[in-house]
């Protein structure tokens, strides 16, 4: 799992839509797998001959995406940083709405999803996307209503994770949770009054963690739709954690149980 992924600036070339640059193997490979039609070209370091570079090459060739061998200095100049890992993709800057079914159909390992119920603060959403990227979550799902949405502030705080992690908005969150359940995913809601702790629930199989907004927590219908509730043990004087911190605890515990 690659910890570095990012987004660089937009431009418009004659004869094609405005584009932007994304970088890092996690971001570029994810884009090639999920939305290859939006990838205009890929710049790959001529010094990279490892497994990840060969994976990018094979996938780009299979999808008919132009591959451009590039020197490291050129890559540094394109994105203004050396943290590109040797791969940069120029992609369509226009947003394409992603469906939950697209995420579920593309899974190649047991699902690890983060569901946010009513998060209103764009800083919290951006931080949750960063957590999801760090833990290798397959998507972040949120309702279209009563939630902040992926605005400019959230994208900035996400530091590239807004592109590397699929962000899916749904009209009816309870229905989306049932769709996950029908796909064999165990839906766990974070609730302070739950009997079991996050460290006691089974998370080795497909899991979706559902977290509510700070203060309000999960809505009643969301809570009732979950397969199980779990709490984060609080040993000090504070009653709750920031939703991004709580997301990190829950998701990384799932990864720990899977041994990945």
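Every read-out reported here was derived from the displayed coordinates using simple, explicitly stated rules and does not represent laboratory data. Just so it is clear, the structure is predicted and the values come from calculations on it, not from any experiment. Reconstructed Cβ throughout: ideal geometry from the backbone, glycine too, with neighbour counts over all protein chains shown.
Which order do the peptides 24-30, 249-255 take when ranked by the mean count of other beta-carbon atoms within 10 Å per residue, highest first?
So the order, starting with the most tightly packed, is 24-30, 249-255.
Which order, highest average first, do 55-63, 203-211, 240-248, 124-132 follow once you tally other Cβ atoms within 10 Å for each residue and take the mean per peptide?
Details: 55-63: 15.4, 203-211: 22.4, 240-248: 19.7, 124-132: 25.8.
Ranking the peptides 55-63, 203-211, 240-248, 124-132 by packing returns 124-132, 203-211, 240-248, 55-63.
Sequence gap at least 6, Cα distance under 8 Å: using those rules, report the relative contact order of the stretch 100-258 to the nearest whole percent.
After rounding, I find 29 percent.
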Angle in degrees between helix 173-182 and the longest Cα principal axis of the chain, rounded to the nearest 10: 80
Mind telling me which of 185, 68, 42 comes out most flexible in a GNM of the chain, alpha-carbon contacts under 10 Å? 68
Alpha-carbon centroids, the stretch 53-69 and the stretch 160-201: separation in whole Å: 33
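Can you give the calculated 222 nm mean residue ellipticity of the chain, where each DSSP H run of n ≥ 4 adds -39,500 (n - 2.57) and the sum is split over every residue, rounded to the nearest 500 deg cm²/dmol? Each step should come with its number before you reach the end.
Numbers: 10 runs with 94 residues, N = 260.
It comes out at -10500 deg cm²/dmol, rounded to the nearest 500.
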Kindly express, to the nearest 10 degrees and within the range 0 to 90, the angle between helix 243-258's C-alpha long axis and the longest C-alpha principal axis of the chain. 80
Estimated inter-spin distance, residue 47 and residue 220, nm [label 7 Å along Cα→Cβ]: 6.1
Footprinting exposure proxy for 156, 31 (fewest neighbouring C-beta atoms within 10 Å first): 156, 31
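Sequence gap at least 6, Cα distance under 8 Å: using those rules, report the relative contact order of the stretch 76-182 to the nearest whole percent.
On the way: 136 pairs, mean separation 30.4, N = 107.
In percent, rounded to a whole number, it is 28.
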Within a Gaussian network of the chain (alpha carbon springs, distance under 10 Å), most fluctuating of 77, 118, 149: 77
Taking Cα atoms, the helix 122-135 axis meets the longest principal axis of the chain at an angle in degrees (rounded to 10) of 80
Show me the ranking of peptides 158-164, 43-49, 69-75 by mean Cβ neighbours inside 10 Å, starting with the highest. 158-164, 43-49, 69-75
